[in-house]
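A.B. asks: Provided herewith is a single structure, encoded as structure tokens, for subsequent inquiry.
A short reminder: the numbers here are calculations on the coordinates, not readings from a lab. Since this is a predicted model, take the numbers as computed values, not measurements. Neighbour counts are summed over all protein chains in view; Cβ atoms, including those assigned to glycine, are modelled from backbone coordinates with ideal geometry.
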């Protein structure tokens, strides 16, 4: 197992002083229990990594986006440190291939569980921090985030967590100082399982169309459709 971790660290150009620290960061409790491993598991390191990651991302947002308001800063940070994002970052470096799992967890597709993989990612950040200090951990984290943010786009990252109707109204107002209106096009299906179709307009311009099990859900879907077309 040591060889695998060494190869992983070499691939990422991360030298190591304490290999045991990195092994612990990749050790799931199931592996620790099955092998009677005395090196420990990633859980305590995850606690440290979570705090370091939030600090790095907070500093990044504050220093990079000088005109961003506090609400959007909080929203962007929430997106960048959430489980789904950490899982995507982990996949970028094939981190899941190196996690040490017990047989049962491995057969249960533990390497494909976003919660498990994101926890190990945070533990790995902590291992880098404890082995090399804050600046090395920051360089590693930002190397991945710079690629991720460039690919996704800041507007899209903000939109992912916002309420679509609110976001659409904010976006249209910022562009044209106008409000959007919603129009129910149809309602079909039985009373216990109806389907509503709604369109959203800016003046007479059709922006998007959506469907849902009630009018509110259809309006949200229409707003999301509009945002997907408008925000690149």
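A.B. asks: Over the residues of the range 13-81, compute the C-alpha Rg and express it relative to 2.2 N^0.38 Å. Let's see the in-between values first.
C.D. replies: On the way: Rg = 17.0 Å, N = 69, 2.2 N^0.38 = 11.0 Å.
Relative to the 2.2 N^0.38 Å estimate, the range 13-81 comes out at 1.55.
A.B. asks: Would you mind computing, in nm to one decimal, how far apart the modelled labels at residue 217 and residue 188 are, each placed 7 Å from Cα along Cα→Cβ?
C.D. replies: 1.7 nm
A.B. asks: Also, I was wondering about something else. For the residues 24, 82, what sequence is obtained by ranking on other C-beta atoms within 10 Å, fewest first?
C.D. replies: On the way: 24 22, 82 14.
Going from sparsest to densest Cβ surroundings: 82, 24.
A.B. asks: Okay, moving on. Give, in nm to one decimal, the length gained when the segment between residue 205 and residue 142 is fully stretched (0.36 nm per residue of separation minus the Cα-Cα distance).
C.D. replies: On the way: separation 63, 0.36 × 63 = 22.68 nm, distance 4.09 nm.
Going from the current span to full extension adds 18.6 nm.
A.B. asks: Using only Cα atoms, tell me the angle between helix 215-230 and the longest principal axis of the chain; keep it within 0 to 90° and round to the nearest 10.
C.D. replies: 70 degrees
A.B. asks: Alpha carbon centre of the range 63-129 versus the range 141-211: separation in Å?
C.D. replies: Between the Cα centre of the range 63-129 and that of the range 141-211, the gap is 27 Å.
A.B. asks: Related question: What nm distance separates the two modelled labels at residue 36 and residue 173, each placed 7 Å from Cα along Cα→Cβ?
C.D. replies: Each label point is offset 7 Å from its Cα along the Cβ direction, giving 6.6 nm.
A.B. asks: Springs between alpha-carbon pairs under 10 angstrom, Gaussian network model over the chain: which of 213, 74, 18 fluctuates most?
C.D. replies: 213
A.B. asks: Ok, one more. Based only on the alpha carbon positions, what is the Kirkwood hydrodynamic radius of the range 16-153, in angstrom? Walk me through the intermediate numbers first.
C.D. replies: Working: mean 1/r = 0.0644 Å⁻¹.
One over the average 1/r among Cα pairs gives 15.5 Å for the range 16-153.
A.B. asks: Additional query: Once you have the alpha carbon radius of gyration of the range 91-142, what is it after dividing by 2.2 N^0.38 Å, with N set to its residue count?
C.D. replies: Working: Rg = 12.5 Å, N = 52, 2.2 N^0.38 = 9.9 Å.
Its radius of gyration relative to the 2.2 N^0.38 Å reference: 1.27.
A.B. asks: For the chain, report the translational diffusion coefficient in µm²/s to the nearest whole number, using Stokes-Einstein at 10 °C, 1.306 mPa s, and a Kirkwood Rh over Cα pairs. Write out the running numbers ahead of the final one.
C.D. replies: Details: Rh = 20.3 Å.
Result for D is 78 µm²/s.
A.B. asks: If you don't mind, there's one more thing I want to ask. Answer rounded, prolate or oblate for the range 1-53, using the Cα gyration tensor with square roots of eigenvalues a ≥ b ≥ c: rounded when a/c is under 1.5, else prolate when a/b is larger than b/c, else oblate. Let's see the in-between values first.
C.D. replies: Working: a/c = 2.29, a/b = 1.15, b/c = 1.99.
Oblate, since a/c reaches 1.5 and b/c is not below a/b.
A.B. asks: Rounded to the nearest 0.05, what FRET efficiency is calculated for residue 103 and residue 4 with R0 set to 25 Å and r the Cβ-Cβ distance? If you can, show how the numbers build up before the last one.
C.D. replies: On the way: r = 17 Å, r/R0 = 0.68.
Given R0 = 25 Å and the Cβ-Cβ separation, E is 0.90.
A.B. asks: Given q = 0.16, 0.18 Å⁻¹, what are the Debye log10 I(q)/I(0) values for the range 115-192, with equal point scatterers placed on the Cα positions and solvent ignored?
C.D. replies: Values returned for q = 0.16, 0.18 Å⁻¹ are -0.82, -0.89.
A.B. asks: Still on this structure, I have one more. Full-extension gain between residue 44 and residue 63, please, as 0.36 nm times their residue separation minus the C-alpha to C-alpha distance. All intermediate terms of the calculation are to be shown ahead of the outcome.
C.D. replies: Numbers: separation 19, 0.36 × 19 = 6.84 nm, distance 2.96 nm.
Roughly 3.9 nm would be gained on extension.
A.B. asks: Also: With a/c under 1.5 counting as rounded, go ahead and sort the range 164-230 into rounded, prolate or oblate using the C-alpha gyration tensor (a ≥ b ≥ c being the square roots of the eigenvalues; past the cut-off, prolate if a/b is larger than b/c, else oblate). Can you show the working numbers first?
C.D. replies: Values: a/c = 2.84, a/b = 2.29, b/c = 1.24.
Taking the square roots of the gyration eigenvalues as a ≥ b ≥ c, the range 164-230 is prolate.
A.B. asks: Here's a follow-up. Between 179, 85, 27, find the one with the highest GNM mean-square fluctuation for the chain; connect C-alpha pairs within less than 10 Å.
C.D. replies: 179
A.B. asks: Separate question: At a 10 Å Cβ-Cβ cut-off, how would you order 94, 119, 106, fewest neighbours first? Working shown, then result.
C.D. replies: Working: 94 10, 119 24, 106 15.
The order, fewest Cβ neighbours first, is 94, 106, 119.
A.B. asks: If each residue's Cβ is checked for other Cβ atoms within 10 Å, how do 72, 4 rank with the fewest at the top?
C.D. replies: Going from sparsest to densest Cβ surroundings: 4, 72.
A.B. asks: Set the Förster radius R0 to 22 Å, insert the Cβ-Cβ distance between residue 113 and residue 78 as r into 1/(1 + (r/R0)^6), and round the FRET efficiency to 0.05. Working shown, then result.
C.D. replies: On the way: r = 21 Å, r/R0 = 0.95.
That pair, residue 113 with residue 78, gives E of 0.55.
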